[in-house]
Amino acid sequence: AHQWRGVIREYADRLPVTESTRVITLGEGGTPLVHAQKLSELTGSEVYLKVEGMNPTGSFKDRGMTMAMTAAVASGAKAVVCASTGNTSASAAAYATAAGLKCAVLVPEGKISMGKLSQAIAHGATLLQVDGNFDNCLDIARKLGESYPVFLVNSVNPARIQGQKTGAFEVVDALGDAPDIHVLPVGNAGNITAYWKGYKEYSAPFESDTAGTLPAVSTRTPAMWGFQAAGAAPFVAGHPITEPDTIATAIRIGNPASWDGAVGARDESGGLIDAVTDEEILSAHRWLSSKEGVFVEPGSAAGVAGLLKKHAAGEVPSGKTIVITVTGHGLKDPQWALRTEDGSDVKPVKVPNDVVTVAAELGLEEK
Ligand code: F0G
């Protein structure tokens, strides 16, 4: 029986690794591409969700972290560091454990979800809550990487982008060609940069480090559509934002590290980067869980929110293939599911230990 071997082994001839590389993996990648029935009906296009919450630590970050941690080990590092809004720290902590390295993570105090915080702690990372936002954390992490003996595993490390580009490979491998449009949330902008790199590499002959020239796999590349939270939308503003704010803490970022990568992806692909409000994000979050059966964290719903917004504006073509990366699992930040549309708390109904009352509460009549 074949078991998925993780993105490095599955795509070794398209990554900067050799046969002697010690691969640090938790079996990431190979995530489902789920046909989104209701979004497809709504738009008249075939819409698919690349469900990245199915990765080992529950987000797409694991694709990049397997490469970053493999590079850290190859460099002889003893410790790694990252700044994070939560998912990168969860991933770094888990992969550092697998590699036998120490891990330090810097997170903005009070602005990361409980699920992500508990992952970093559970995997034994040293977690410091910084009195500042993600951008401040990343500044410190970069300086630590430059001037102290710690290996930086944020996506400013090109190994991360290399690993994350495999998301695009998997989409093409599943569909048989690239989609017309690829939609995703944008925060620090590593992922849109990585997907675009992956799509470009798959659409032309590729000079492999280890396997000669590989033929093109796809006939085309998609338009890249990125969506930011309205309170943290530097690409829409055209400049960094000093005080980013959104309930989608994963993408609460004002000064994205991969600025040029995201602008390149947008412009070379004939795509766009737009913003969605927190209300639109929560509404898309609800759409995914209640109509498609896919539970994501709020930040992950920004792409779907963007597609819904563009559809409402009459700007989503029908008859096309559209893939949306939903980046992280709903269990990362489950509190948002327990709020109703008007913002009040959902209160589970209490019933006595009695089948007749339970049946009545469910509106059932005896057969
Ligand atoms: N979705 C989720 C769930 C994320 O955690 C992130 C980024 C993004 C989308 C945006 O991706 O940064 O590549 O544009 N999270 C980072 C972190 C910043 O620290 O976990 P991006």
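The values are calculated or read from the model by the stated rules, or taken from the named source; none is laboratory data. Source: prediction; values computed, not measured. Cβ placement follows ideal geometry from the backbone for every residue including glycine, while neighbour counts extend to all protein chains displayed.
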Exercise. Right, Gly299: within 12 Å of the ligand (Cβ to nearest atom), of a type outside the set (Lys, Arg) and touching a residue at least 24 places away in the same chain (Cβ under 8 Å) or not?
Worked result: yes
Exercise. Only one of these conditions is not met by Lys116: (1) within 10 Å of the ligand (Cβ to nearest atom); (2) at positive phi. Which number is it?
Worked result: (2)
Exercise. Does Gly198 satisfy the condition of being more than 12 Å from the ligand (Cβ to nearest atom) and either under 30 Å from Trp336 (Cα atoms) or in contact with a His (Cβ under 7 Å, 6 or more places away or on another chain) (or both)?
Worked result: no
Problem set entry | Failed condition for Trp4, given (1) within 16 Å of the ligand (Cβ to nearest atom); (2) surrounded by fewer than 17 Cβ atoms within 10 Å (Cβ to Cβ) | (1)
Exercise. Is it fair to say Glu52 is assigned by TED's automatic domain parsing to the domain that holds Pro185 and within 16 Å of the ligand (Cβ to nearest atom)?
Worked result: yes
For this session: Any residue in segment 100-122 that's touching a residue at least 60 places away in the same chain (Cβ under 8 Å): show its pairings with residues that are among the small types (Gly, Ala, Ser) and buried (at least 17 other Cβ atoms within 10 Å of the Cβ) at Cβ separation under 6 Å, as long as the two are six or more apart or on different chains.
Result: Ile112/Gly86; Ser113/Gly86; Lys116/Gly86; Lys116/Ala90; Gln119/Ala90
Seminar exercise, completed: Result of the Cβ filter at 6 Å on segment 36-48, keeping first residues that are touching a residue at least 60 places away in the same chain (Cβ under 8 Å) and partners that are assigned to a loop (DSSP other than H, G, I, E, B) and surrounded by 20 or more Cβ atoms within 10 Å (Cβ to Cβ), at least 6 apart or interchain, is Thr43/Val316; Val47/Ala36
Exercise. Mind checking whether some residue in segment 235-256 is in a strand (DSSP E or B), more than 12 Å from the ligand (Cβ to nearest atom) and in the same structural domain as Gly53 (by TED's automatic domain parsing)?
Worked result: no
Problem set entry | Tally, over segment 71-90, of residues that are crowded, with 24+ Cβ neighbours inside 10 Å and within 20 Å of Leu15 (Cα to Cα) | 1
For this session: Give me the pairs, please: first residue somewhere in segment 234-248 and within 17 Å of Asn136 (Cα to Cα), second residue anywhere and of a type in the set (Lys, Arg), beta-carbon distance under 8 Å, and either six or more positions apart or on two chains.
Result: Pro244/Arg252; Asp245/Arg252; Thr246/Arg252
Exercise. Regarding Val346, is this residue more than 29 Å from Thr31 (Cα to Cα), β-branched (Val, Ile, Thr) and in contact with a strand residue (DSSP E or B) (Cβ under 7 Å, 6 or more places away or on another chain)?
Worked result: yes
For this session: Please tell me if Ser289 is within 16 Å of the ligand (Cβ to nearest atom) and surrounded by 21 or more Cβ atoms within 10 Å (Cβ to Cβ).
Result: no
Seminar exercise, completed: Considering residues that are touching a residue at least 60 places away in the same chain (Cβ under 8 Å) and surrounded by fewer than 22 Cβ atoms within 10 Å (Cβ to Cβ), the number found within segment 15-24 is 3
Problem set entry | Filter pass, Val236 being among the aliphatic types (A, V, I, L, M), over 17 Å from the mean Cα position of the chain (by Cα) and closer than 23 Å to Phe134 by Cα | yes
Problem set entry | Among the candidates Glu28, Glu19, Glu41, residue that is modelled with pLDDT under 95 and of a type outside the set (Lys, Arg) | Glu19
For this session: Report yes if Lys320 is of a type in the set (D, E, K, R) and in contact (Cβ under 8 Å) with a residue 12 or more places away in the chain, otherwise no.
Result: yes
For this session: Determine whether segment 318-341 contains at least one residue that is under 17 Å from the mean Cα position of the chain (by Cα) and surrounded by fewer than 19 Cβ atoms within 10 Å (Cβ to Cβ).
Result: yes
Exercise. Glu41 versus (1) of a type outside the set (Ser, Thr, Tyr); (2) under 19 Å from the mean Cα position of the chain (by Cα); (3) in the same structural domain as Gly330 (by TED's automatic domain parsing): which is the lone unmet condition?
Worked result: (2)
